[in-house]
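K.L.:
Sending over a structure as structure tokens; questions will come in a sec.
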Amino acid sequence: NSMLSWQRTAFHFQPEQNWMNDPNGPLYHMGWYHFFYQYNPQAAVWGNIVWGHAVSRDLIHWLHLPIALLPDHWYDINGVWTGSATVLPDGQIMMLYTGSTKESIQVQNLAYPANLSDPLLIDWVKFPGNPVLVPPPGIDFKDFRDPTTAWLTSEGKWRLAVGSKVNRTGISLLYETEDFQRFHLLDNLLCAVSDTGMWECVDFFPVSKTENYGLDTSANGPEVKHVMKTSLDDDRHDYYSLGTYDEKTGTWIPDDPKTDVGIGLRYDYGIFYASKSFYDHNKGRRVLWGWIGESDSEFADVQKGWASVQSIPRTILFDNKTGTNLLQWPVEEVESLRQESHVFNNLVVKAGSVLPLDVGIATQLDISAEFELDKEALEKATETNVEFSCQTSGGATKRGALGPFGLSILADESRSEHTPVYFYVAKDQNGSLKTFFCTDESRSSEASDVFKPIYGSAVPVLEDEKFTLRILVDHSVVESFAQGGRTCITSRVYPTKAIYGAARLFVFNNALDTNVTASITVWQMNPALIRPYRPGGDDS
Ligand code: FRU
């Protein structure tokens, strides 16, 4: 079926076939980035979970490797679930993961490379004393999973978190260990938020308040903030919040209790779940991976023989301009896939108009765009639609004084199918502006078995800034970043007409009262090389 095979991505990480979910244990070792993932080797639906494994020199081109961890012991026979790597100062690698036991009890297990001098880390050994952690008293045996990367205390001990819940309160348990074999549960919870349900895939890491580089997971001090992230099983989104970690008490305090984890910000307002970051000591950056699931039907997944992709890895920084959020940005290596660029400078897009952007086939693109609203019109506008919401305000066709304006992705010639990615600017009675960033999927596909929501949220835009946008288009995945990555939206798109040579790109302005000036650069993207494993092959 050509419609289904069109959906396969060209530069996002995917196994050759079948089901994938969470990113697991990312790390850098002897010149290679290692990536593991939740994988069903038998079908395109969740089940029989093992750890898939691939390596890359640059986080873009991949070599698939044999399955790293199989369910072959009583303590993980029902699934080798999510976990994280800790690289010790002497180079040893401790991989902690959740096992679902023969009785479906969730326990934590330890594995390590059989041969640290193998750059590909093909063989893994499970610690004979597994499991190293079982659910503590008061914790349900199915609510105890996804250990984090460990960080060092000033006394030289390791700490790590495990997600759980007590009644409806989502919590993150905190453990201490010296050898990754024996653990001590601390009295304090690292964090707890009422009415958030089970916390999956907790991540906890430092960001620098002042510098534009990433920090090792063990870094702390006055120049550091700590990010608490949890994946809420209830609503399947990744939430984070900035705060301060007090090593002595073993607690983390959010900067703003109102935007606490689970009620606060999201990494991504589209499909992006069970994410995990790691410190890339090769390039001194923190890199985030996220699982991008499907929004078509399970039936369609089985037909196409695969389900899910991973996000393009994102560098994470604290946004010291706003002080309220992180910045996420596709790793610079993705730019190595760019072919020739098409540049459109200072296009005036009149209120209520659409312009085609002649870039050729628009299925594999990297787009960078900036927009300015007409100054006079902006001053005159009397809009007070500050209650705007991407989800409920009628999508890209609902016209206001100052928006929506943006790009139409994966559109057919007549735009009967298309996915607008756009800004909407609201002005309140005092004249201050509030900007929203949205993706409207309601007309993204004529297929009926597809979930077609409108995604989005507010995005901070500072006084002297233009409205800026970066979009990666890769067949059925669209990853969008506003204002340098303050707000991100990832969506899965399943067009029936805007496919292959019929896929086009447009710029539009649906504002009633103002023209926008747009400057847009569009690159066609080469596919990434994602190679199957050949034992004894040339793996350089
Ligand atoms: C998150 C998750 C984890 C679990 C794994 C199982 O998507 O449910 O909590 O470890 O996936 O595949």
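The values are calculated or read from the model by the stated rules, or taken from the named source; none is laboratory data. Just so it is clear, the structure is predicted and the values come from calculations on it, not from any experiment. Here Cβ is always computed from backbone atoms with ideal geometry, including for glycine, and neighbour counts include all displayed protein chains. Just so you know, the surface numbers come from the protein's heavy atoms only, side chains and all, with ligands and any DNA or RNA stripped out. Shrake-Rupley method; radii C 1.70, N 1.55, O 1.52, S 1.80 Å.
K.L.:
Using a 1.4 Å probe on the protein heavy atoms, what percent of the accessible area of the chain belongs to carbon and sulfur?
P.N.:
Percent of accessible area from carbon and sulfur atoms in the chain: 50.
K.L.:
Within 10 Å of each candidate Cβ there may be at most 14 other Cβ atoms; applying that plus a DSSP loop requirement, which trypsin sites (Lys or Arg not before Pro) in region 190-229 survive?
P.N.:
Lys209
K.L.:
Under the Karplus relation 6.51 cos²θ - 1.76 cosθ + 1.60, θ = phi - 60°, what is the ordered set of whole-Hz ³J(HN,Hα) values for region 381-398, x standing for Gly and Pro?
P.N.:
3J(HN,Hα) across region 381-398, in whole Hz: 4, 10, 3, 10, 7, 6, 7, 3, 9, 3, 5, 10, 9, x, x, 6, 8, 7.
K.L.:
Could you order Trp74, Trp306 by accessible surface area, starting with the largest, using a probe radius of 1.4 Å?
P.N.:
Descending order: Trp74, Trp306.
K.L.:
If we sort 435-443, 151-159 on the protection proxy, mean other Cβ atoms within 10 Å, highest first, what's the order?
P.N.:
The packing order, highest mean first, is 435-443, 151-159.
K.L.:
In terms of modelled amide H atoms, which long-range or inter-chain residues lie less than 5 Å from the amide H of Asp268?
P.N.:
Those lying under 5 Å, H to H, from Asp268 are Asp238.
K.L.:
May I pose another question? Using a/c under 1.5 as the rounded threshold, could you call region 207-297 rounded, prolate or oblate? The axes a ≥ b ≥ c are square roots of the C-alpha gyration tensor eigenvalues, and prolate needs a/b larger than b/c, oblate otherwise.
P.N.:
Because a/c hits 1.5 or more and a/b fails to exceed b/c, region 207-297 counts as oblate.
K.L.:
Here's something else I'd like to know. By accessible area of protein heavy atoms, probe 1.4 Å, what ranking do Glu463, Glu178, Glu247 get, highest first?
P.N.:
Highest to lowest solvent-accessible surface, that is Glu463, Glu178, Glu247.
K.L.:
By the gyration tensor of its Cα atoms, with a ≥ b ≥ c the square roots of the eigenvalues, what is the shape of region 114-208: rounded for a/c under 1.5, prolate for a/b over b/c, or oblate? All intermediate terms of the calculation are to be shown ahead of the outcome.
P.N.:
Details: a/c = 1.83, a/b = 1.58, b/c = 1.16.
In terms of gyration-tensor shape, prolate.
K.L.:
When only DSSP loop residues count, what chymotrypsin sites (Phe, Trp or Tyr not before Pro) in region 197-259 have their Cβ near at most 16 other Cβ atoms within 10 Å?
P.N.:
Hits after loop and neighbour filter: Tyr213.
K.L.:
Hey, rough spin-label estimate for Ala10 and Val45, points 7 angstrom out along Cα→Cβ, what's it come to in nanometres?
P.N.:
Each label point is offset 7 Å from its Cα along the Cβ direction, giving 3.3 nm.
K.L.:
Could you state the orientation-averaged shadow area of the convex hull built on the Cα atoms of the chain, in nm² to one decimal?
P.N.:
Details: hull surface 96.9 nm².
So the Cα hull casts an average projection of 24.2 nm².
K.L.:
So what J values fall out for region 15-20 if you push phi through Karplus, 6.51 cos²θ - 1.76 cosθ + 1.60 with θ = phi - 60°, rounded to Hz, Gly and Pro as x?
P.N.:
Couplings: x, 5, 7, 6, 7, 9 Hz.
K.L.:
Could you estimate the translational diffusion coefficient of region 330-480 from the Stokes-Einstein equation, with Rh from the Kirkwood formula over C-alpha pairs, at 4 °C and 1.567 mPa s, in whole µm²/s?
P.N.:
78
K.L.:
Between rounded, prolate and oblate, where does region 57-126 land on the alpha carbon gyration tensor, with a ≥ b ≥ c its root eigenvalues, rounded for a/c under 1.5, else prolate if a/b exceeds b/c?
P.N.:
Working: a/c = 2.13, a/b = 1.64, b/c = 1.30.
Since a/c reaches 1.5 and a/b is larger than b/c, the shape of region 57-126 is classed as prolate.
K.L.:
Given the pairs Lys229/Lys497; Lys229/Lys375; Lys165/Lys427; Lys350/Lys497; Lys142/Lys434; Lys165/Lys225, which span a C-alpha to C-alpha distance of over 31 angstrom in this model? Intermediate results must be reported in sequence, preceding the final value.
P.N.:
Working: Lys229/Lys497 38 Å; Lys229/Lys375 39 Å; Lys165/Lys427 41 Å; Lys350/Lys497 27 Å; Lys142/Lys434 43 Å; Lys165/Lys225 25 Å.
The pairs that break the limit, which is 31 Å between Cα atoms, are Lys229/Lys497; Lys229/Lys375; Lys165/Lys427; Lys142/Lys434.
K.L.:
Can you sort Ser389, Ser277 by 1.4 Å-probe accessible area, starting with the largest? Write down the numbers at each step before the final one.
P.N.:
Values: Ser389 30, Ser277 5 Å².
Result of the area sort, largest leading: Ser389, Ser277.
K.L.:
Pull the list of the chain cysteines that no other Cys approaches to under 4.7 Å, Cβ to Cβ.
P.N.:
Cys191, Cys201, Cys488 - these cysteines have no disulfide-compatible partner (Cβ-Cβ under 4.7 Å) in the chain.
K.L.:
Still on this structure, please answer the following. Once the Cβ-Cβ distance between Asp140 and Val343 is put in as r, and R0 is 60 Å, what FRET efficiency do you end up with, to the nearest 0.05?
P.N.:
0.60
K.L.:
Want the number for Ile361 to Phe451: 0.36 nm per residue separation, take away the alpha-carbon distance, what's left?
P.N.:
Computed gain between Ile361 and Phe451 is 29.9 nm.
K.L.:
Just to check I understand the Karplus step: with θ = phi - 60° and J = 6.51 cos²θ - 1.76 cosθ + 1.60, what whole-Hz values come out for region 444-461, glycine and proline as x?
P.N.:
6, 7, 8, 5, 9, 9, 10, 7, 10, x, 9, 9, x, 6, 6, 9, x, 10
K.L.:
Send over a whole-number figure in Å² for the accessible area per residue of region 1-90, probe 1.4 Å.
P.N.:
33
K.L.:
Let me ask you something else. Excluding same-chain residues fewer than 8 positions from Lys466, which aspartates and glutamates have a Cα within less than 14 Å of its Cα?
P.N.:
Excluding near neighbours in sequence, the set is Glu370, Glu372, Asp374.
K.L.:
Amide H to amide H, which residues 5 or more places from Ser444 or on other chains are under 5 Å from it, using H placed in the peptide plane?
P.N.:
His418
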